[in-house]
Amino acid sequence: MLNLRQEFLELMHERHACKIFDRDRKISSEDRDYILEVGRLSASSFGMEHWKFLIIDNPEIKERVQEACWNQPQITTSSFLVVILARKDMRSSSQYVLNRFMARGLEGEALSSYIEKYSNFIDARRDDEITFWSKQQTYIAMANMMNGAMAIGIDSCPIEGFEKNRVNEILNFDKEKFELSVILPFGYRINPKKEKNRQDIKELLITL
Ligand SMILES: Cc1cc2nc3c(=O)[nH]c(=O)nc-3n(C[C@H](O)[C@H](O)[C@H](O)COP(=O)(O)O)c2cc1C
């Protein structure tokens, strides 16, 4: 446990937003599966798994996506991209939501009381608030995948610097059900990472 404690901290120091990847080094399918598995296991509010992972390794699609991402070279130099989509169909009447409840083995009284609790939590919200809630959950999967990748020596860079409408035009997914949340390229760094720049812990804490 002691080793893991130290190693995890080192991993957090080592992970950085990699600005350019070695375009000649490809991530193995075994390592890709590992990263995606870490994403799949992420926590989410009500256990609703508010995400879908769209995988892109096609160079032509990456090229077009990069143009819609302020031309950031992380996109085309990466080995593959995970475009994380946030679910919009999160009201209590949604089949997806019902399926998630059923998958947990809830039935009868337990199911209806949980649905009522969920419904009180979500149904009075506006559509954009619900999508925002889903997006918040996708960032948990994103962070886990970034750290999980670093644990096996793979770099990443979260990308929010994009023109959403342009990316939407390029990518083929159900826009009724999903919203583009964040783009996550993975690859191997070619440059050493810079020193971490963070506020001192004292500046972050409010102790009551
Ligand atoms: C949601 C999110 C979006 C980001 N978008 C971009 C981006 O579009 N381009 C980029 O180069 N870095 C992006 N970053 C990386 C941050 O700038 C970076 O994480 C931060 O400066 C801290 O540096 P570090 O991750 O190397 O420790 C993003 C980070 C997050 C969490």
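Overview of results
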{"item": "Rounded to 5, percent antiparallel among DSSP beta bridges of the chain", "result": "95 percent"}
{"item": "Mean Cα-pair separation over length for the chain, i.e. relative contact order, pairs under 8 Å, 6 or more apart, %", "result": "35 percent"}
{"item": "On Cα atoms only, tilt of 2-14 relative to the major axis of the chain in degrees", "result": "70 degrees"}
{"item": "In degrees, nearest ten, helix 108-122 long axis to first principal axis of the chain (Cα)", "result": "60 degrees"}
{"item": "Per-residue [θ]222 nm for the chain (sum of -39500 (n - 2.57) over DSSP H runs n ≥ 4, rounded to 500)", "result": "-14000 deg cm²/dmol"}
{"item": "HN-Hα J in Hz across the stretch 191-202 - Karplus 6.51, -1.76, 1.60, θ = phi - 60°, x for Gly and Pro", "result": "10, x, 6, 7, 4, 5, 10, 9, 5, 5, 4, 5"}
{"item": "Residue-wise HN-Hα coupling along the stretch 138-146, computed from phi with Karplus coefficients 6.51, -1.76, 1.60 (Hz; x: Gly, Pro)", "result": "5, 5, 5, 5, 4, 4, 5, 5, 4"}
{"item": "Prolate/oblate/rounded call for the stretch 89-208, Cα gyration tensor, a/c under 1.5 rounded", "result": "prolate"}
{"item": "Backbone N under 13 Å from the residue 25 label point (7 Å along Cα→Cβ), restricted to the stretch 138-165", "result": "150-156"}
{"item": "The stretch 155-208: C-alpha gyration tensor shape, a/c 1.5 cut-off, then a/b vs b/c", "result": "oblate"}
{"item": "Nonlocal amide H pairs with residue 189, under 5 Å, H built at 1.01 Å", "result": "22, 155"}
{"item": "Between 0 and 90°, nearest 10: helix 29-40 axis offset from the chain longest Cα axis", "result": "40 degrees"}
{"item": "Only Lys, Arg (+1) and Asp, Glu (-1) charged, at Cβ; the chain dipole about Cα centre in debye", "result": "280 debye"}
{"item": "Residue of 108, 39, 47 that the Gaussian network model of the chain assigns the largest fluctuation, springs spanning Cα pairs under 10 Å", "result": "108"}
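Values in this text are rule-based calculations from the coordinates and carry no lab data. On a predicted model such as this, the values are computed, not experimentally measured, just so you know. Note that each Cβ is placed from the backbone with ideal geometry, even for glycine, and that neighbours are counted across all protein chains shown.
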